[in-house]
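The next block holds one structure in the form of structure tokens; read it before the comments.
The values are calculated or read from the model by the stated rules, or taken from the named source; none is laboratory data. Remember, it's a predicted structure, so these values are computed and weren't measured experimentally. Here Cβ is always computed from backbone atoms with ideal geometry, including for glycine, and neighbour counts include all displayed protein chains.
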Amino acid sequence: MAVPAFSHQRETTDFILNHDRVLITSDPGTGKTRAVLDAFAELVKQNSDSRMLVLAPLSILQASWVEDIEKFTPHLTCVVAYSKNREKAFKESANIVITNHDAIKWLDKNKKYIDAFDTICIDEFTAYKNRASQRSKAAGRVIKSFSRRIAMSGTPNGNTIRDIWHPTKLVDDGERLGPSFFPFQQQVCTPKLIQLGNRVVTEWLDKENAEEMVAVQLQDITIRHKLEDCIDMPEQTVTMRKVTLPKRIQQQYETFAKDSVLYTGKATINAINAGVKVKKLLQLCTGAVYKEDGTSEGIHTERYDLVMELVKQRKHSLVAFNWKHERDHMIAIAEKEDIAYRVIDGDTPEEKRKKVVDELQLGELQVVFCHPQSAGHGLTMTKATSVIWCSPTYNAEHYLQFNRRIYRAGQTKRTEIIQIAANDTWEPEVYNKLDHKMSRMEELLSILKTTTEIKTNAR
């Protein structure tokens with residue numbers, strides 16, 4: 001017998017049943033999947049022919065959706081459509097077909113397989129934020145076949161308010177934010193001309209009231225619950241630990257920041273534009289820079305001693321890395337000092353990903369080294385109480401989603417986020433920019449939460 005749903009989950013379920021166009025922006029860890037499944041189960045009661053297509057990150061097809069179906073709605077049949085069995089899976093008569101986001105391009109060419117579906121759920125709708133991508137264009141054509149559309153993400157505007165335009169258009173055909181992107185951009189952003197080398201480009205900055213403008217337009221189809229309002233959560237702290245670069249490396253950093261040319265003694269690294277320059281400087285802080293052929297030039301390893309010292313001081317931790325050399329340095333230390341570890345990155349198959357999570361939750365691992373993009377969705381890793389960022393990411397969505405692996409339902413202990421940054425470099429500023437992006441996102445989410453409360457109280 002399934003555990004009864006929480007009241008906020010029931011509210012979400014009711015909202016879905018009363019709206020055929022829905023955006024769910026509740027926090028990671030609030031149980032959005034359960035609410036969707038309960039709603040769909042009710043729809044199947046009303047119409048036994050009802051079928052739902054789920055588009056989700058590849059990493060959580062089994063770990064999140066199938067497990068939740070088996071736990072909460074075991075009477076519903078489901079099948080996971082991978083690239084190798086996709087056609088066979090769609091030919092089955094399962095109530096729910098679950099597939100990854102990139103499968104939308106295959107569905108665009110094989111629309112006959114979606115004729116029998118009436119409901120679509122897009123899990124982590126930021127996968128479609130880039131309106132110009134092949135994936136997004138295909139989704140725009142496929143989505144028209146579905147009479148009931150649900151899209152959800154706890155990080156709807158992780159980097160800019162513009163991220164929400166195309167996912168919203170998929171849900172409501174452009175009814176609320178407009179059918180064209182450029183008028184929307186003009187409404188919520190201010191253009192700023194910036195010099196990049198010998199050319200001038202336009203940077204679009206979110207207006208101060210952009211979040212409020214968007215929230216007002218989306219309020220009738222949006223429901224949001226904040227984790228802390230739904231569940232009693234223990235305290236979480238955020239601290240920054242500084243490292244000092246070796247003198248020679250600091251000099252190289254300052255020279256490269258000024259001249260865009262780095263001489264490592266073994267190789268010469270050039271930065272062709274500002275974006276590449278920032279990337280190379282951040283790599284340099286972490287101990288290596290990557291050449292054009294993809295190989296890396298190792299320079300220093302001091303920060304990894306700090307990271308692994310922090311790991312040894314804690315029973316169970318997650319460590320976020322952005323670069324292959326970071327992972328390799330930490331693995332080497334873990335093996336030398338007999339620290340129980342596993343890795344989750346782009347090379348980790350889904351079945352092994354689940355095994356790693358299970359091992360951690362059983363207390364068998366002291367640390368899991370994770371690439372945040374590969375372990376940022378759907379995984380519950382609440383045995384860990386610390387997230388250590390070996391280096392910063394520019395992507396606020398990845399940052400927040402990964403931190404939420406430990407800060408979610410089931411966590412009973414105080415948690416901490418530790419940011420590693422090099423003194424006198426751009427790394428502390430990158431973390432500050434992340435905080436700013438998240439505060440802008442939280443502003444939008446706060447307004448959407450308020451509208452949810454108003455709707456709930458009005459009933």
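Condition check: more than 15 Å from Glu326 (Cα to Cα), surrounded by 19 or more Cβ atoms within 10 Å (Cβ to Cβ), touching a His at 6+ places or on another chain (Cβ under 9 Å) and assigned by TED's automatic domain parsing to the domain that holds Val319. Does Gly363 satisfy that? Against the criterion (more than 15 Å from Glu326 (Cα to Cα), surrounded by 19 or more Cβ atoms within 10 Å (Cβ to Cβ), touching a His at 6+ places or on another chain (Cβ under 9 Å) and assigned by TED's automatic domain parsing to the domain that holds Val319), Gly363 does not qualify. Taken together, the residues in region 83-105 that are crowded, with 17+ Cβ neighbours inside 10 Å and not aliphatic (A, V, I, L, M) amount to 6.
Examine region 53-60 for a residue that is more than 25 Å from the chain's Cα centre (by Cα) and outside any helix (DSSP H, G or I), and state whether such a residue exists.
First, the residues of region 53-60 that are more than 25 Å from the chain's Cα centre (by Cα): none.
No, there is no match, as no residue in region 53-60 is more than 25 Å from the chain's Cα centre (by Cα) and outside any helix (DSSP H, G or I).
Candidates Ile388, Ile406, Ile344: the one that is among the β-branched types (Val, Ile, Thr), under 20 Å from Gln62 (Cα atoms) and touching a helix residue (DSSP H, G or I) at 6+ places or on another chain (Cβ under 6 Å) is Ile344.
With respect to Leu400, determine if the residue is part of a helix (DSSP H, G or I) and either outside the structural domain of Val66 (by TED's automatic domain parsing) or over 22 Å from Gly31 (Cα atoms) (or both). So Leu400 passes the test.
Number of residues in region 151-167 that are closer than 21 Å to Gly31 by Cα and β-branched (Val, Ile, Thr) equals 1.
I want to confirm something. Restricting to region 416-439 and keeping residues that are modelled with pLDDT of 90 or more and among the small types (Gly, Ala, Ser), which single residue is nearest to Ser386 (Cα to Cα)? That would be Ala421. Within region 310-341, the set of residues being within 21 Å of the chain's Cα centre (by Cα) and in a strand (DSSP E or B) comprises Ser317, Leu318, Val319, Ala320. The one condition from (1) assigned to a loop (DSSP other than H, G, I, E, B); (2) surrounded by 17 or more Cβ atoms within 10 Å (Cβ to Cβ); (3) among the charged types (D, E, K, R); (4) modelled with pLDDT of 95 or more that Arg405 does not meet is (4). Taking the condition of being at pLDDT 95 or above and surrounded by fewer than 21 Cβ atoms within 10 Å (Cβ to Cβ), how many residues in region 307-326 meet it? Selection size over region 307-326: 6.
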